[in-house]
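Chemist: I'd like to ask some things about the structure below.
We did not get these values from a lab; they are worked out from the coordinates using the rules stated. None of the values given here were measured: they were computed from a predicted structure. Cβ sites come from the backbone with ideal geometry, for glycine too, and all protein chains shown count toward neighbours.
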């Protein structure tokens, strides 16, 4: 997955330590088209620290014969990023971070690395409307026709640019065969027009070159290394919908917001969300919306107790909705108790925080704290599904069971979508948690080193949430504690080599190749894990 999307899903950071040794990295930079040596290439080797950016950087400039050398650097895994005006480095994507790496073992001297640089390709795009006039502020994005084809290695994850006042934009990068998509900015919160001349308010929608409303109907653009292509995209008018209405029940001194969320399917993955502040009289409007799966919900999150409305859903076939009524209401309170299995009745309970983490909507995470007898109350809960979390856990502890109104949840999730009021929660902790620790190794059985990676232990391969506990430390070490007994899938993901991980579907694909493991109460398991590489994942998933 892209570097920033990997950072939102895991919070991973990369640390690098090590004493200086006799490792070195040298080779020759050449033009990939004619094979001639290339002078003036700035070769960079660096490690990554999420939040701090590049760290421990080493560099060199190729000489007139293309030769370069970086001496006396610590062993480890480095990002290789060369720069020269007019050239790019091409690579076949194999991981979430679209950059090549170099690994140096202790005492290793690389003397013959061949660094191929490819002349930049350029695509000049002009975007026009149905009258042939230029359109400004249109986002133009480029994507390879074949997802596995080589791409230009880049630190810049923004793969789209915007047209200027002349409707033009220049896209520079690696050669290849691409789809070109133009997406106008339609200002989805402006007021709808009242028309009496019989015309409609159809607006421009996402358009693929040359003038197609879908990628499947588009024509690819091919550009060779060092070449330039000029194309014109004629925007297409597409059906749009308007969603407007009134938010009711807004307190006099409060400001409400209506959130419009787009999904890939009903109850599916959230694609994006955009807020719209409610106007006078509680009115709100979203206009010129492309056909899609939408949900609108009104919210108040301020210093006062939060309020929320019922959600209203729309499908791609929905007509304009001009009188949506969203009724704000305060959240409800749930009461419950927490106990630790094996403790005598009446034993005092250490103060702990109970958090209900939403697995979809709503958007808040209500919390409450236990009293000395284990009783707790959690206010401001809105209908939805939640996962129960308890912090801090006792030593070697875990959440054994969660009961909602007497029914035990096997997944530690509770379904409050039909209402909260009058519900009761019972949480039981246990002190016989399991532990797993070991080393993450590469294909050759060597410790993974300082490559950004994470160990994932999941009981549900269809719903994977990486967390900080699985961060792989220096030397490939990992340690997972407070594990609830049960059956799991255990695997390690490397950001450079395990394939894309830009969302739940990609993690599900990687997890499908994982090892199943059964964990019993009190287990202390020592286990080395071989990192799943993209080619291994693809091969196992074909079986």
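Chemist: Does anything in region 327-341 have its amide N under 13 Å from the 7 Å Cα→Cβ label point of residue 375, and if so which residues?
Modeler: 335-338
Chemist: Counting other beta carbons within 10 Å of each residue's own, what order do 97, 483 fall into, fewest first?
Modeler: So the ranking, lowest neighbour count to highest, is 483, 97.
Chemist: If I stretch the segment between residue 343 and residue 274 completely, what's the gain in nm (0.36 nm per residue apart, minus their alpha carbon distance), one decimal? Don't jump to the answer; show the numbers that get you there.
Modeler: Values: separation 69, 0.36 × 69 = 24.84 nm, distance 4.85 nm.
Value of the extension gain: 20.0 nm.
Chemist: Using a Förster radius of 60 Å, what is the FRET efficiency between residue 301 and residue 39 based on their Cβ-Cβ separation? Nearest 0.05, please. Write down the numbers at each step before the final one.
Modeler: On the way: r = 58 Å, r/R0 = 0.96.
Step by step, r from the Cβ atoms, then E = 0.55.
Chemist: Still on this model: Report the extension gain between residue 327 and residue 237 in nm, rounded to one decimal, defined as 0.36 nm multiplied by the number of residues separating them, less their alpha carbon distance.
Modeler: Numbers: separation 90, 0.36 × 90 = 32.40 nm, distance 3.46 nm.
Result: 28.9 nm gained on full extension.
Chemist: Sort 510-520, 212-222 by the packing proxy (mean of other Cβ within 10 Å over each peptide's residues), most packed first.
Modeler: On the way: 510-520: 16.0, 212-222: 14.2.
Taking the mean over residues of other Cβ atoms within 10 Å, the ranking is 510-520, 212-222.
Chemist: With r as the distance between the Cβ atoms of residue 350 and residue 424 and R0 = 22 Å, compute the FRET efficiency 1/(1 + (r/R0)^6) and round to 0.05. Numbers along the way, then the final one.
Modeler: Working: r = 22 Å, r/R0 = 0.99.
So the FRET efficiency works out to roughly 0.50.
Chemist: Could I ask something else about it? For region 257-326, count the residues as N, evaluate 2.2 N^0.38 Å, and divide the Cα radius of gyration by that value, please. Before the final figure, lay out the partial values.
Modeler: Values: Rg = 12.5 Å, N = 70, 2.2 N^0.38 = 11.1 Å.
Ratio of Rg to 2.2 N^0.38 Å for region 257-326: 1.13.
Chemist: Sorted by packing (mean other beta-carbon atoms within 10 Å per residue), highest first, where do 170-178, 349-357 land? Provide the component values of the computation, followed by the final result.
Modeler: Numbers: 170-178: 18.9, 349-357: 16.6.
Answer by packing, highest mean first, reads 170-178, 349-357.
Chemist: With each pseudo-label sitting 7 Å past Cα toward Cβ, what's the residue 67-residue 540 distance in nm, one decimal?
Modeler: The two pseudo-label positions are separated by 4.5 nm.
Chemist: Only helical DSSP H runs with n ≥ 4 go in: add -39500 (n - 2.57) per run for the chain, normalise by residue count and round the 222 nm mean residue ellipticity to 500 deg cm²/dmol.
Modeler: Details: 3 runs with 25 residues, N = 543.
Only helices count here, giving -1500 deg cm²/dmol.
Chemist: Per 0.36 nm of contour for each residue apart, how much would the distance between residue 415 and residue 318 grow if the chain were fully extended, relative to their Cα-Cα spacing? Before the final figure, lay out each step's value.
Modeler: Details: separation 97, 0.36 × 97 = 34.92 nm, distance 2.82 nm.
Computed gain between residue 415 and residue 318 is 32.1 nm.
Chemist: Highest mean first, how do 451-459, 428-436 rank when packing is the count of other Cβ atoms within 10 Å averaged over residues? Could you put the intermediate results ahead of the total?
Modeler: Values: 451-459: 23.1, 428-436: 19.1.
Top of the packing list down: 451-459, 428-436.
Chemist: How high is the relative contact order of the chain, given as a whole-number percent (alpha carbon pairs under 8 Å, six or more residues apart)?
Modeler: Values: 1390 pairs, mean separation 63.9, N = 543.
Taking the mean separation of contacting Cα pairs over the length of the chain, I get 12 percent.
Chemist: Which shape class applies to the chain: rounded if a/c is under 1.5, otherwise prolate when a/b exceeds b/c and oblate if not, where a ≥ b ≥ c are the square roots of the Cα gyration tensor eigenvalues? Write down the numbers at each step before the final one.
Modeler: Numbers: a/c = 2.52, a/b = 1.11, b/c = 2.26.
Oblate is the answer for the chain, as a/c is 1.5 or above yet b/c matches or exceeds a/b.
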